[in-house]
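For reference, the structure is listed below as structure tokens.
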Amino acid sequence: MESLSPEVHKLSGLFFIFAAQNGIQMGLQEQVMTELKAAMKAKDTVALEALRAIKSALLLAGTEKGASEGLSEADEVKLVQKLVKQRKDSAAIFKEQGRDDLAEPELAQVAVIEKFLPEQLTEEEIEKVVVQTIEAIGASGMQDMGKVMGMVSKELAGQADGKAISTIVKNKLTQ
């Protein structure tokens, strides 16, 4: 297989710029590849490691037994959220053990990976949705937490962290 000329690489980069400027949606895989190329050129090792992790997870999910033609946008968001959570958990463990030298790269990777998530809601916005849901289903106490969590999590999929939702739901149901 022959390699592509530098002109072709330049044209492919121009296409992605054109697509972004004209509102043409690129899939997560294409966005990751574009960022990966930029990170390689900039010799940004942290970004490279994070982007390769996304690429690897996408490939694994796409080739899993039972995987359909491709991943849906919701599946892609879940996958990226999972990668962010893994790194945040690792960073927390490293910090508990006094290993800030290991926690910092994990948090730097989180910043790179989060670029591929939809904009996250603020606590006030999450709280508003939680209150509306509690009122809609008539939840009265902690016994209804599962119902509320299920509905809110589905509504805010990709826009809020499950831990943040859980904390707000607990606070509202115990008042």
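A compact table of results
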quantity: Environment charge at residue 84 (Cβ cut-off 10 Å; Lys +1, Arg +1, Asp -1, Glu -1); calculated: +1
quantity: Estimated vicinal HN-Hα couplings, Hz - the stretch 80-95 in sequence order (Karplus 6.51, -1.76, 1.60; Gly, Pro = x); calculated: 5, 4, 4, 5, 5, 4, 4, 5, 5, 4, 4, 4, 5, 5, 4, 5
quantity: Extension reserve of the residue 171-residue 154 stretch, reckoned as 0.36 nm per residue once the Cα distance is removed; calculated: 4.2 nm
quantity: Reduced Cα scattering model of the stretch 69-175, Debye log10 I(q)/I(0), q = 0.16, 0.17, 0.22 Å⁻¹; calculated: -0.80, -0.86, -1.08
quantity: Efficiency of FRET between residue 143 and residue 29 - r from beta-carbon atoms, R0 30 angstrom, step 0.05; calculated: 0.10
quantity: Cα pair distances exceeding 13 angstrom across the stretch 123-173, given as percent; calculated: 46
quantity: Net charge contributed by nearby residues that have their C-beta within less than 13 Å of residue 48 (K/R +1, D/E -1); calculated: +2
quantity: The stretch 123-173, relative contact order in percent, only Cα pairs under 8 angstrom and at least six apart counted; calculated: 50
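Taken together, the values in this text are just the output of simple stated rules run on the coordinates, not laboratory data. The shown structure was predicted, so the numbers you read here are calculated from the model rather than taken from an experiment. Note that we place each Cβ from the backbone using ideal geometry, even for glycine, and neighbour counts take in every protein chain shown.
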